[in-house]
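This report concerns only the one structure given below.
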Amino acid sequence: MKFSARQLQKGMKWWPPFLGAGIRVRSMSEDFRDAVVELKLGRLNRNYVGTHFGGSLYAMTDPFFMIMLLHNLGGDYLVWDKSGSIEYVTPGRGTVSAYFRLSEKRIAAVRAEAAGGGKIFPEFEVNVKDDADQVVARVAKTLYVRLKPRHRPK
């Protein structure tokens, strides 16, 4: 891949969708298996009633499972976001965060399922939590994964 985890973490600080919403990548492990993303409530990301804007809550979770899986599977695979949904559980106030974890077991399972060359659609979930560890939102992501044509079984 083009960027190290550290480069990606630093670069996302200036990525317009994150910069404008106040989203910060607090950490990204060098093996792209763990990431922590944070969003502080501010004037630019409040909704009409003064709590976190739902679009910002979703945006803070959007690219991470795709990026993490892409780095862990390697260049032989196509990895894209296919769909996503968010369930708002309680109003978000203050600072909220999302912790992303991609285990070796899950990576191996995705690799095994994609080995036949067909499209697969693994699902991932992450919770957005407040400082009191209360769930503010649940986000579900479905990815598209497939071996690139030159790597598919004949």
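The values are calculated or read from the model by the stated rules, or taken from the named source; none is laboratory data. Remember, it's a predicted structure, so these values are computed and weren't measured experimentally. Reconstructed Cβ throughout: ideal geometry from the backbone, glycine too, with neighbour counts over all protein chains shown. To get the accessible areas, we keep the full protein, side chains included, count just its heavy atoms, and leave off ligands, DNA and RNA. Shrake-Rupley method; radii C 1.70, N 1.55, O 1.52, S 1.80 Å.
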Within straight cross-link reach of Lys154, meaning Cα distance under 20 Å, which lysines are found once same-chain residues fewer than 8 apart are removed?
Lys119
For the chain, size of Cβ-based charge dipole, Lys and Arg +1, Asp and Glu -1, in debye:
540 debye
Quick one: which residues, 5+ away or cross-chain, put their amide H under 5 Å from the amide H of Tyr77? H built at 1.01 Å from N.
Lys148
In terms of the ratio Rg/(2.2 N^0.38 Å) built on C-alpha atoms, what value belongs to region 99-138?
1.61
1/(1 + (r/R0)^6) with r = Cβ-Cβ of Arg6 and Lys82, R0 = 30 Å, i.e. FRET efficiency to nearest 0.05, evaluates to 0.60
Is it possible to state the helix-based mean residue ellipticity at 222 nm for the chain, with each DSSP H run of 4+ residues giving -39500 (n - 2.57), the sum divided by total residues, to the nearest 500 deg cm²/dmol? What is it?
-7000 deg cm²/dmol
In percent, how large is the relative contact order of the chain, given Cα pairs closer than 8 Å and 6 or more residues apart?
23 percent
Quick one: divide the alpha-carbon radius of gyration of the chain by 2.2 N^0.38 Å and tell me what you get.
1.10
Net charge near Ser56, counting Lys/Arg +1 and Asp/Glu -1 over other residues with Cβ under 11 Å of its Cβ?
+1
The percentage of the accessible area of region 65-154 (probe 1.4 Å, all protein chains present) made up of carbon and sulfur atoms, to the nearest whole number, is 49 percent
